[in-house]
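Asker: Before we start, here is the structure in question, set down as structure tokens.
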Amino acid sequence: MTIQRMDNVLIVVDDLDAVISFFVELGMELEGKAPIEGRWVERVIGIDDVRQDVAMLRTPDGHGRIELAMFHTPKAISAEPKDAPANTLGIRRIMFAVNDIEDVVARLRTHGAELVGELAQYEDSYRLCYVRGPEGTIVGLAEQLS
């Protein structure tokens, strides 16, 4: 075996607190938040003069994690349109399994989230949707049907 598990997904953001609130509302737990800087991080990511705040969130089952990073120096850059569509190259969304998709969408809307398309049903298996949250982050939601 070459890997043990997927440890986390990194999302670079401008408003760390807003994005933390969004993912906490979704049901993730904040593990911690800290400033990160120094030669070690510069060597790992290949950028000089790095100063950032990082937050780590985990899913309720303890297996999935999201790392959020807000760069103070150097400033973050945008590689694509703010509201890139689902067919844009690169990572487009993170998908979460939920129990009550309509309730989750309603709660996320209080944090500025909007449906990307529609809430749709796939056969007799799932109800699915994409939600665009703070800073254009797309989250997929899937409610498994009996």
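Asker: Of Gly46, Thr73, Val139, whose Cα points farthest to the positive end of the dipole of the chain (charges on the beta-carbon: +1 Lys, Arg; -1 Asp, Glu; origin at the Cα centre)?
Answerer: Final value for the positive-end residue is Gly46.
Asker: In addition: Taking amide H positions as placed in the peptide plane 1.01 Å from N, state which residues far from Met28 in sequence (5 or more) or on other chains have amide H under 5 Å from it.
Answerer: Result for Met28 returns nothing.
Asker: How would you order 124-134, 110-120 from highest to lowest mean count of nearby Cβ atoms within 10 Å?
Answerer: For the peptides 124-134, 110-120, the packing ranking is 124-134, 110-120.
Asker: At 4 °C and 1.567 mPa s, what whole-number value in µm²/s does Stokes-Einstein give for the translational diffusion of the chain, with Rh from the Kirkwood sum over Cα pairs?
Answerer: Calculated translational D: 78 µm²/s.
Asker: Extension gain Arg107-Ile91, at 0.36 nm per residue separation less the Cα-Cα distance, in nm?
Answerer: Taking Arg107 through Ile91 to full extension adds about 3.3 nm, to one decimal.
Asker: Then there's this: Label points 7 Å out from Cα along the Cβ direction at Ile3 and Arg58: separation in nm?
Answerer: For Ile3 paired with Arg58, the spin-label model returns 1.9 nm.
Just so you know, all these numbers are worked out from the coordinates, no wet-lab data involved. Every value quoted in this text rests on a predicted model; they were computed, and no experiment measured them. Glycine gets a Cβ as well: all are built from the backbone with ideal geometry, and neighbour counts include every protein chain shown.
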